[in-house]
Amino acid sequence: MAHLHDSGRRSLLKTSLIAGGLSAGGLLSIDAFAQGKARINMQLGWIVGVNQIGEVVAKRLGFYEQEGIDFAIQPGGPNIDGVAIVASGRYELGQVSSSPSVMLAVSQGLPIKCFAVGAQKHPFTFFSLAKNPVRKPADLVGKRVGLPSTAAVLLRALLAKNKIPEKEVKVVTIGADMSPLLTGQVDVVTGWLTSTTALKVLGPERVDLTLWDSGVKLYALPYYASTKTLETQPKVIEAFLRATARGWQHVKANRDEAVDLLVKEYPNLKREDERVAADVMLEYSFGGLAQTQGWGAMDPAVWQEQISMYADLGQFTARTPKVEDVLWLDGLKASAAARMKA
């Protein structure tokens, strides 16, 4: 599963959207909520996997239907700009891999806001082997780090946070394949701890250093919608949050059944791998703030820390957004009771 860190360079598209006026076409279906049924398309930035197991379970068990929602997942891919699709009004909401994608889009004027997060900590991790381990950020000095070009900013953030000069680390651009670590081409590879299929090749000698534990506290799997949808259809978003939280809660309590439902919906997935990944994913979904505030919760202070860090790294080519530009918390507040029923 590819988890691409979106570049956020969408100025041409942003200009065309603003110049042409944002299409409201995609909002027509959501307006039907008043008549008893709202169509919600959730645009992903990647193909479907265990990261969406809660939504799949909620759909197959009728939780969305009970909330008056006709729900569908729209898979993404390398040539699909999900943020632009949702900002234009074509689809009602979306989910990206990493919180900086939302911040960068907002900084460039795209009218979206994040209204919940699927993972309380980012699963992005630096993997090494026991014979040449990287157990703390300082261990990266002198190492060859293999990572996709889209993830380079995550490495830069880690080095800046830990005051390690970039010249002390050699970056080698690789794809999602972990084998360069095994063949000795690099000393470190990167990926998500939830990508259990890809990680199997590294075996029991694998050593993990997570981005979060290195001091770079990013959220993963943020849910977002256009500001127009959030302003005009808040009840639909609240209903979505209630149904989705219920789906994730069901996964937590019924893991084998949940993985069966996921594989039935997406037969290309390997049940054995997804069952292992589900346990890992649930730790991210229900850890941290979710333990006290329920599934989907997020902390404005963590977002502020992210914004400040990315501003320090010079990542905002237009303007530095404020927290209130990036977040919409009304839906979480309104759905709090339902989300706490874990």
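Have a look at the DSSP beta bridges in the chain and tell me what percent are antiparallel, nearest 5.
55
Rank Ser101, Ser128, Ser149 by mean-square fluctuation in a GNM of the chain with C-alpha springs under 10 angstrom and give only the top-ranked residue.
Its mean-square fluctuation being the largest, the pick is Ser149.
Just to be sure I understand the model, the point goes 7 Å from the Cα along the line to the Cβ. What's the resulting Glu166 to Leu313 distance in nm?
In this crude label model, Glu166 to Leu313 measures out at 1.0 nm.
For Ser335, Ser308, write out the residues from largest to smallest accessible area, computed with a 1.4 angstrom probe and no ligands counted.
Ser308, Ser335
In what order, largest first, do Met309, Met42, Met340 sit by accessible area if the probe radius is 1.4 Å?
Largest accessible area first, the residues go Met340, Met309, Met42.
Please go through the residue pairs Lys200/Lys264; Lys161/Lys333; Lys228/Lys322; Lys121/Lys270; Lys113/Lys252; Lys59/Lys235 and name each one whose alpha carbons sit more than 21 Å apart in this structure.
Lys200/Lys264; Lys161/Lys333; Lys121/Lys270; Lys113/Lys252
Given H placed on each backbone N at 1.01 Å, which residues far from Ile73 in sequence or on other chains put an amide H within less than 5 Å of it?
For Ile73, the qualifying residues are Met42.
Say R0 is 30 Å: what FRET efficiency, to the nearest 0.05, do Asn268 and Asp177 get from their beta-carbon distance?
Working: r = 19 Å, r/R0 = 0.62.
Step by step, r from the Cβ atoms, then E = 0.95.
By how many nm would the segment from Lys235 to Ala337 lengthen if fully extended, with 0.36 nm per residue of separation less the alpha-carbon distance?
Gain in length upon complete extension: 35.2 nm.
Give me the percent of accessible area attributable to carbon and sulfur for the chain, probe 1.4 angstrom.
52
Taking amide H positions as placed in the peptide plane 1.01 Å from N, state which residues far from Ser98 in sequence (5 or more) or on other chains have amide H under 5 Å from it.
So Ser98 has HN proximity to Asp6, Leu221.
With equal scatterers on the alpha carbons only and no solvent term, can you work out the Debye log10 of I(q)/I(0) for the range 82-168 at 0.19, 0.20, 0.25 1/Å?
The calculated log intensity ratios at q = 0.19, 0.20, 0.25 Å⁻¹ are -0.94, -1.00, -1.29.
Once Kirkwood radius over Cα pairs in Å is worked out from the coordinates, which option in (1) 20.4; (2) 21.9; (3) 21.4 does it equal?
After the calculation, the listed value that fits is (1).
If you restrict to DSSP beta bridges whose two residues both lie in the range 126-280, what percentage is antiparallel, to the nearest 5? Working shown, then result.
On the way: 7 of 13 bridges.
Taking every DSSP beta bridge with both residues in the range 126-280, the antiparallel ones total about 55 percent.
Taking amide H positions as placed 1.01 Å from N in the peptide plane, with prolines and chain starts having none, which residues 5 or more places from Ala119, or on another chain, fall under 5 Å of its amide H?
Residues meeting the amide H criterion: Ala220.
The values are calculated or read from the model by the stated rules, or taken from the named source; none is laboratory data. Not measured: the values here are computed from a predicted model. Positions of Cβ are generated from backbone atoms using ideal geometry, with glycine treated the same way; all protein chains shown enter the neighbour counts. The protein model used for the area step is the full one, side chains on, heavy atoms only, and it has no ligands, DNA or RNA in it. Shrake-Rupley method; radii C 1.70, N 1.55, O 1.52, S 1.80 Å.
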